[in-house]
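Read the structure below first, then the notes.
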Amino acid sequence: MAGNDAAFLNTNTWDGKLFLGGWNTASAALDVLEPATGAVLTRVGMATPADVAEAAKRARAAQAGWAAMPYEQRAAIFRKAAAIIERETAGMTQWIVRETGSIPPKAGVELHAAVGILHEAAAMVTQPGGLLLPSDGGRISLARRVPHGVVGIISPFNFPLILSIRAVAPALAAGNTVVLKPDPQTPIAGGYLMARIFEEAGLPVDCLQVLPGGADVGQAMCADPSIAMISFTGSTSAGSGVGELAGKHLKKVTLELGGKNRLIILDDADVELAASCAAWGAYLHQGQICMTTGLILAHEKIVARLTELMVAKATHLPVGDPASQKVALGPLISARQRDRVHAIVQDSVKQGAHLAAGGTYDRLFYKPTVLTGVTPGMRAFEEEVFGPVASIVSYSSEDEAVELANRTIYGLSLGVISASVGRAMALANRIPTGLLHINAQTVADEPHVPFGGRGASGNGGRHGGPANWEEFTQWQWVTIKDTAPRYPF
Ligand code: NAD
C-alpha cells in the first residue's frame, strides 16, 4: 500500500521511522512484504538495541505523570481510541488483510476484539485498586495495586493487533508505560496501528514506544534496567529464552506460548457438527493460531465418517489472495513457515500417516490438508504445525482418549464434543488445560476472560479480565498512623 495517503494511515507517517518519542527516522529501514503477492507494502524503521535503551528511558520518565493523570482523562483516552478503531475500520482491515494474509472476517475479529479490549481498559481505571486490611486500632492498613513501571511487550505475527493491544491497553490502564516490539513481519498491524490510534486519542508522548525489530531488540528489552516487566507472546522456544534472560535480570515475565490443542470427539457426537468445528479450528487463518485445533481425537466408530466430511471440506475451501474477498484461506506468513509445515506433513506420511487431502502448495498458499492414522511419535502428533493441517487420531475408549490427549508438553486449549455435557466435562477434568470448551472447537477469546495456557504453553500468566490486575500491577502494603509511635529503642 505504498502511496496510501488516507489521512489517518498515511504511509509517510512511518516511512523509515520508529515511534520513539513520536515519529523519528531510524538508523535502518525495513521493507514490509505482502505474503499473498510478495509486493513491498510499506517501509518502517528497524530498531536496534540502542533504540531500546532510549525508548525505555523515555517511557520510564513519563510513567509517574501518566499514572497521576486524573482517571477520567485516562479513561477518555481509551474510549477515544476505541472510537477511532470503529471510525477507521475499513482502512485498518486492509492493512491487517494485506500485511498478515488474513481473510477480511479474521481482520474484523481482531478489530472488534481491540475495541472490546479498549473498553475494558477504560473501565479498569475506575475499578477498586486495593483492599482494606485488619489492623491494630488507630492504624489504617491497606494493600493497593501499583504499576510495575515500564512494561516491555513482545508480540508475534499471527493475530498481531489483538496480541499486542491485549497487553498494551491493560498495562497502560494500570498506570504503566509501554515499549512494544511487534514482529518485524507485521509492524503495522502489530505496532503502528496502535501508535496512530493512541497518538490521535491523546495518549501523552513517551507513554507508548513502538520499535519494530528482531530477536536482538527483544533481548535488549529483557535486559534493560528501565523495563520492569516483559509480556511475551510467541513460540515456546523463543519464550523459554525470554524467560531465562528476563529472570536473570529479575524482571516479572509473563509468557504466552505455543499450543498443540486437542479436539476430542466422543462416539455420541453429531459428526457433521463435529466436522464443522474441526475444520474451523484447524483451518482458520491457515492454522496459524496458538489455539488452532492441532489434533482431532475421534472415536473409532465415527472416525471414517468424520474423515470423509473433513476431506470434502478441505477439498472445497478456496485458497488464495485474501484481498480478493473470495477465499477462505490466505497465504502462510513466509516461505520459512511454509517449508516447515510441508516438512511436517511429508515426514508424518513417511512415518505412516495417510494423506487424505491437501499436502501441496502454490507459493505461500498451502492447501487445507487432512492427515489420518496419526499416532504418537509422528511429527504431526508431537509438534505445533502452525499451518492448515487437520491431524486425525483414532481412539477406542475414553481412557485412551485421555491418555492420548495428555501426551503433550502443551496445555493451552481443549475442546470436547459430545451429546452429554456431563460425560464431556468428566473427561475434560482429567486433562490439564488453560482453556476448556465443551461442545466447541479450540479457537476462542474474549476481552474480559483470563486467557492463557499451562505447561509449555506459558508460565501460568493470563491476559484479560481479572488477570490483567495480576499481570500488570504488584501489591504494595501501606500503613498509615496519625502520629509516629515511640519504640523501646
Ligand atoms: P516467535 O517466538 O518466533 O516470535 C514472536 C516474537 O518474539 C516476535 O516479535 C519475535 O521477533 C520475537 N523474538 C523471537 N526470538 C526472540 C528472542 N530470542 N528474544 C526476544 N524476542 C524474540 O514466534 P512466531 O513463530 O513468530 O509466532 C508463532 C508462535 O506464537 C506459535 O508458537 C504460537 O502458538 C505462539 N502464539 C501464542 C499465543 C498465546 O497467546 N499463547 C498467541 C499467538 C501465538
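Is one or more of the residues making up the stretch 103-122 surrounded by fewer than 17 Cβ atoms within 10 Å (Cβ to Cβ) and of a type in the set (Asp, Glu)? Checked the stretch 103-122: no residue is surrounded by fewer than 17 Cβ atoms within 10 Å (Cβ to Cβ) and of a type in the set (Asp, Glu). The condition of being under 30 Å from Phe365 (Cα atoms), in the same structural domain as Thr186 (by TED's automatic domain parsing) and within 16 Å of the ligand (Cβ to nearest atom) holds for only one of Val52, Val97, Val44, Val151, that being Val44. Of all the residues in the stretch 16-49, those that are in contact with a Gly (Cβ under 8 Å, 6 or more places away or on another chain), in a strand (DSSP E or B) and of a type in the set (A, V, I, L, M, F, W, C) number 7.
Residue by residue, here is whether (1) in a loop (DSSP other than H, G, I, E, B); (2) out of contact with any Ser or Thr (no Cβ under 7 Å at 6 or more places or on another chain); (3) open to solvent by less than 40 Å² (accessible area, probe 1.4 Å); (4) free of Cβ contacts under 8 Å to residues at least 60 places away in the same chain holds:
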residue: Ala356; (1), (2), (3), (4): no, no, yes, yes
residue: Pro376; (1), (2), (3), (4): yes, yes, no, yes
residue: Phe381; (1), (2), (3), (4): no, no, yes, no
residue: Gly422; (1), (2), (3), (4): no, yes, no, yes
residue: Thr442; (1), (2), (3), (4): yes, no, yes, no
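Within the stretch 257-269, is even one residue more than 18 Å from His437 (Cα to Cα) and more than 9 Å from the ligand (Cβ to nearest atom)? No, the stretch 257-269 has no match at all.
Of everything in the stretch 352-400 that is among the hydroxyl-bearing types (Ser, Thr, Tyr) and touching a helix residue (DSSP H, G or I) at 6+ places or on another chain (Cβ under 8 Å), the residue that is nearest to Ala278 (Cα to Cα) is Ser391.
Restricting the stretch 221-239 to residues that are near the ligand (Cβ under 9 Å from one of its atoms) and of a type outside the set (Val, Ile, Thr), which is farthest from Gly458 (Cα to Cα)? Explain how you work it out, then say what you get.
Within the stretch 221-239, the first condition is being near the ligand (Cβ under 9 Å from one of its atoms), and the residues that meet it are 221-222, 230, 232-239.
The next check asks that each one be of a type outside the set (Val, Ile, Thr); those that pass are 221-222, 232, 234-235, 237-239.
Details: Met221: 19, Cys222: 17, Phe232: 10, Gly234: 10, Ser235: 10, Ser237: 11, Ala238: 12, Gly239: 8 Å.
Step by step, filter the stretch 221-239, then rank; the result is Met221.
Output the residue which, of all residues in the stretch 242-275 that are of a type in the set (Lys, Arg) and closer than 25 Å to Phe159 by Cβ, is farthest from the chain's Cα centre (by Cα). So, considering only residues that are of a type in the set (Lys, Arg) and closer than 25 Å to Phe159 by Cβ, the one farthest from the chain's Cα centre (by Cα) is Lys251.
Can you tell me which residue is surrounded by the fewest Cβ atoms within 10 Å (Cβ to Cβ) among those in the stretch 44-86 that are charged (D, E, K, R) and touching a residue at least 40 places away in the same chain (Cβ under 8 Å)?
First, the residues of the stretch 44-86 that are charged (D, E, K, R): 51, 54, 57-58, 60, 72, 74, 79-80, 86.
Checking which are touching a residue at least 40 places away in the same chain (Cβ under 8 Å) leaves us with 51, 57-58, 60, 74, 79-80.
Working: Asp51: 23, Lys57: 17, Arg58: 21, Arg60: 19, Arg74: 22, Arg79: 15, Lys80: 17.
Among those residues, the one meeting the criterion is Arg79.
Of the set (1) more than 28 Å from Pro450 (Cβ to Cβ); (2) assigned by TED's automatic domain parsing to the domain that holds Trp23; (3) of a type outside the set (Val, Ile, Thr); (4) buried (at least 18 other Cβ atoms within 10 Å of the Cβ), all apply to Pro225 but (4). Among the candidates Ala356, Ala323, Ala405, the residue that is more than 24 Å from the chain's Cα centre (by Cα) and not polar (S, T, N, Q) is uniquely Ala356. In the stretch 202-215, the residues that are open to solvent by 20 Å² or more (accessible area, probe 1.4 Å) reach residues that are modelled with pLDDT of 95 or more and assigned to a loop (DSSP other than H, G, I, E, B) with C-beta atoms within less than 7 angstrom, at least six apart or across chains, in these pairs: Val205/Gly21; Val205/Gly22; Asp206/Gly21.
The values are calculated or read from the model by the stated rules, or taken from the named source; none is laboratory data. In this text, all values refer to a predicted model and were calculated from it rather than measured experimentally. In this analysis, Cβ positions are derived from the backbone assuming ideal geometry, glycine residues included, and neighbour counts consider all displayed protein chains. Surface areas here come from the heavy atoms of the whole protein model, side chains and all, with no ligands, DNA or RNA. Shrake-Rupley method; radii C 1.70, N 1.55, O 1.52, S 1.80 Å.
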